[in-house]
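Asker: For reference, the structure I am asking about is given below.
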Amino acid sequence: MSDRPEMFEGTERIWMDGEFVDFEDAQTHVLTHALHYGTGVFEGVRCYDTEQGPAIFRWEEHLDRLYKSAKPYDLDIEFSKDELTEATTELIETEGFESCYIRPIVYYGFDSLGVSPKDCPTKTTIAAWPWGAYLGEEALEEGVDVMVSSWRKHASSQIPTNIKTTGLYVNSMLAGEEARRNGYTEAIVLNKEGNVAEGPGENIFMVRDGEIYTPGLAESILEGITRNTAITLAEEMGYTVHEEATISRGELYTADELFFTGTAAEVTPIRSVDDNEIGEGTKGPVTDELQSAFFDVIESGDREEWFHYV
Ligand SMILES: Cc1ncc(COP(=O)(O)O)c(C=O)c1O
């Protein structure tokens, strides 16, 4: 009987630096630079079981973001985008997954433990495993109760916040765990200025008087790919989307609707903030329409420019 956590049951192999290794052998040295200093960049991607077969959602955009994330840290990814694509599709195929979550990570490995990663090798790995709704199936229907965290997001003048660095997630962990300790499902994190930034692993949207607002990139948010998907779908549905908004904490409480977007969270309604009911305290009509449009795309898989078919 395996002692792996449930989510990794049935996962046989992981791709590491050019080869597939058994799950148990996918190890790294304890003096890995990234373990000590958070010097890794990563992606979270979903492969969906669409009507066209398994297809990776917005793979090219995720790959682009991975390379962009690597840039400020001088992490030189020694594999091309084509090689990472081939490794990922082979992994999904050989594992036999119809749908799964994909986690590519690039990080500084072991050489010296100076803060400078100068001679540390760049390591690249890709894992995949079946993963359901991040905040639970019920959350997608009923919405989640969230609290505004007492932790603030890093300012984008302190560390790049628009890209996906491993070290940044200690902030996400603190905020998320604070929320769960207090009985909420998730947190909302304000930026240094006290305006709304995002969730620990999600972007946030607000609906007011039939228009849609989401914090802009200068508000210390990750440039979310599901955020971009939601904006595109909403505009196609005829909504005005203010994608460079500044949203105050008070506006959260008086919003008609709020929802999270993210690869893991997909489109999740928020039904209360700090125990203040949002709208009717259920999934609002705009959220509902957008969530349906999102899942229609995911289920059909026929929007070719958004899918990489396995
Ligand atoms: C901090 C943070 N914000 C937003 C998102 C949503 O981004 P995406 O839609 O690209 O998954 C994520 C998830 O990756 C995240 O970790």
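Laboratory data are not the source of any read-out in this text; all were calculated from the coordinates shown. Worth saying up front: this structure is predicted, and the values here are computed from it rather than measured. Every residue, glycine among them, receives a Cβ derived from its backbone with ideal geometry; neighbour counts consider all protein chains shown.
Asker: Among Trp151, Trp15, which comes first, then next, by fewest other beta-carbon atoms within 10 Å?
Answerer: The fewest-first ordering by Cβ neighbours comes to Trp151, Trp15.
Asker: For the chain, what is the percent of antiparallel DSSP beta bridges, rounded to the nearest 5? Numbers along the way, then the final one.
Answerer: Numbers: 46 of 56 bridges.
Rounded to the nearest five, the antiparallel share is 80 percent.
Asker: Select from Leu31, Ala155, Ile126 the residue farthest towards the positive end of the dipole of region 1-156; place +1 on Cβ of Lys and Arg, -1 on Cβ of Asp and Glu, and compute about the Cα centre.
Answerer: Sorting the options by dipole projection puts first Ala155.
Asker: Okay, next question. Given the DSSP H assignment, sum -39500 (n - 2.57) over each helix run of at least 4 residues in the chain and divide by its residue total; what's the result at 222 nm in deg cm²/dmol, nearest 500?
Answerer: -8000 deg cm²/dmol
Asker: In whole angstrom, how far apart do the alpha carbon centroids of region 9-27 and region 222-247 sit?
Answerer: Region 9-27 and region 222-247 have Cα centres separated by 37 Å.
Asker: In whole angstrom, how far apart do the alpha carbon centroids of region 145-194 and region 77-99 sit?
Answerer: For region 145-194 versus region 77-99, the Cα centre distance is 31 Å.
Asker: Next question. For region 57-117, what does the alpha-carbon gyration tensor say about shape, rounded, prolate or oblate, given a ≥ b ≥ c as the root eigenvalues, a/c under 1.5 as rounded, and a/b over b/c as prolate?
Answerer: Note, shape of region 57-117 comes out prolate.
Asker: Can you tell me the dipole magnitude for region 147-228 around its Cα centre, using point charges on the Cβ only (Lys, Arg +1; Asp, Glu -1), in Debye to the nearest 20?
Answerer: 220 debye
Asker: Share of antiparallel DSSP beta bridges in region 135-298, in percent to the nearest 5?
Answerer: 65 percent
Asker: At q = 0.20 Å⁻¹, what log₁₀ I(q)/I(0) does region 263-310 have when each alpha carbon counts as one equal point scatterer in the Debye sum?
Answerer: -0.74
Asker: So, one more: Throw me the Rg/Rh for region 4-128, computed over C-alpha atoms with Kirkwood Rh, two decimals.
Answerer: We get a ratio of 0.98 for region 4-128.
Asker: Could you calculate the contour length gain from Thr254 to Tyr169, that is, 0.36 nm times the residue separation minus the distance between their Cα atoms, to one decimal place in nm?
Answerer: Fully extending the segment from Thr254 to Tyr169 adds 27.7 nm.
Asker: Relative to the present Cα-Cα distance, how much length would full extension add between Glu51 and Arg103 at 0.36 nm per residue of separation?
Answerer: That works out to 16.4 nm of additional length.
Asker: Modelling each spin label as a point 7 Å along the Cα-to-Cβ direction, I'd like the Glu137/Val21 distance in nm, to one decimal.
Answerer: Simple spin-label model gives 3.7 nm for this pair.
Asker: Same structure, new question: Projecting each Cα onto the charge dipole of the chain (Lys/Arg +1, Asp/Glu -1 at the beta carbon, about the Cα centre), which of Gly194, Met173, Thr240 comes out farthest on the positive side?
Answerer: Final value for the positive-end residue is Gly194.
Asker: Let me ask another. Taking neighbour Cβ counts within 10 Å as the exposure measure, how do Cys120, Cys100 sort from fewest upward?
Answerer: Cys120, Cys100
Asker: Based only on other Cβ atoms within 10 Å, what is the fewest-to-most ordering of Ser157, Ser300, Ser99?
Answerer: Neighbour counts put them in this order, fewest first: Ser157, Ser300, Ser99.
Asker: In addition: Across 10 Å bins from the origin, how do the percents of Cα pairs in region 160-224 run, short distances first?
Answerer: Percent of pairs per bin, in order: 21, 50, 25, 3.
Asker: So, one more: Per the Kirkwood treatment, what hydrodynamic radius in Å, one decimal, follows for the chain from the mean inverse distance over all distinct Cα pairs?
Answerer: Hydrodynamic radius (Kirkwood, Cα only) of the chain equals 20.2 Å.
Asker: Let me know the charge dipole size of the chain about its Cα centre in debye, to the nearest 20, where only the beta-carbon of Lys, Arg (+1) and Asp, Glu (-1) is charged.
Answerer: 1420 debye
Asker: Here's another thing I want to ask about it. How big is the charge dipole of region 150-192 about its Cα centre, in debye rounded to the nearest 20, if each Lys and Arg gets +1 on its Cβ and each Asp and Glu gets -1 on its Cβ?
Answerer: Taking the Cα centre of region 150-192 as origin, the dipole is about 120 debye.
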